[in-house]
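Okay, structure first, notes after.
What follows draws every value from the coordinates through simple rules; no lab data is involved. Bear in mind that the values here come from a model prediction, so they are computed numbers and not experimental data. Heads up, the Cβs are rebuilt from the backbone with ideal geometry, glycines too, and the neighbour counts pull from every protein chain shown.
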């Protein structure tokens, strides 16, 4: 009655086979993707470029803050006292040089310390004083004697001379130091790098760029290769450390600079 018997698998078994297949496929694809990412990172060249590197990189001097000068206290000025005396005063009644009719009685080589009598009326006193005011009287009809000496004038009180006021000092501020130019250092000793046997064996050639830092005396204190074949970088760095330069000057002051030395390795 039953010539053929067909046996079918249940649906649950088919679903389990599919889920395990997708799981294995996902793991394999993830491993391949992760390996590709790691390989691309190691293959990428992260070396420093030399587009912005120059032989001389200046270090600007630190600007010094200008010190403010102390304010000058103005000196109180004293107004000069005006002598209100009407007539000048003399110690002695000595003739002037404008009176040639009176001949001197003696000859002296000592400098004269007494002022000559003025033209017009004057008084005799202890000091030689010329009044500051309306001027000297010249009226010959006034109360004067035959020699111009007034006998009935009461002398005024003496007034001390006031020294002139001192001028305020002008303080000139000095600005920051001005740059007078840059004198770049020159190479005084550039040794050739050693062409190692390993580099010759693998036929390594080409340019190697070495970034160097030069101190104030012209010595190389740091050398790092930023490009070129890996086998040639070591000899290039060693040769750069042995190089010597003249000091770089900024306003006649030695400064520290950075630069790049390029070595070209070629087999003869």
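General remarks:
- Residues residue 162 and residue 106, FRET efficiency given R0 of 41 Å [Cβ-Cβ distance, rounded to 0.05]: 0.60
- If the segment from residue 205 to residue 241 were pulled out straight at 0.36 nm per residue, it would be longer than the present Cα-Cα gap by 10.9 nm.
- When each of the peptides 31-40, 206-215 is scored by the mean number of other C-beta atoms lying within 10 Å of its residues, the order from highest to lowest reads 206-215, 31-40.
- Per-selection Rg to Rh, region 213-267 - Cα, Kirkwood hydrodynamic radius: 1.06
- Hypothetical label at residue 221: residues of region 242-259 whose amide nitrogen lies under 15 Å (7 Å Cα-Cβ projection): 245, 247-248, 254-259
- Burial ranking of peptide ranges 241-248, 184-191 (average Cβ count within 10 Å, highest at the top): 241-248, 184-191
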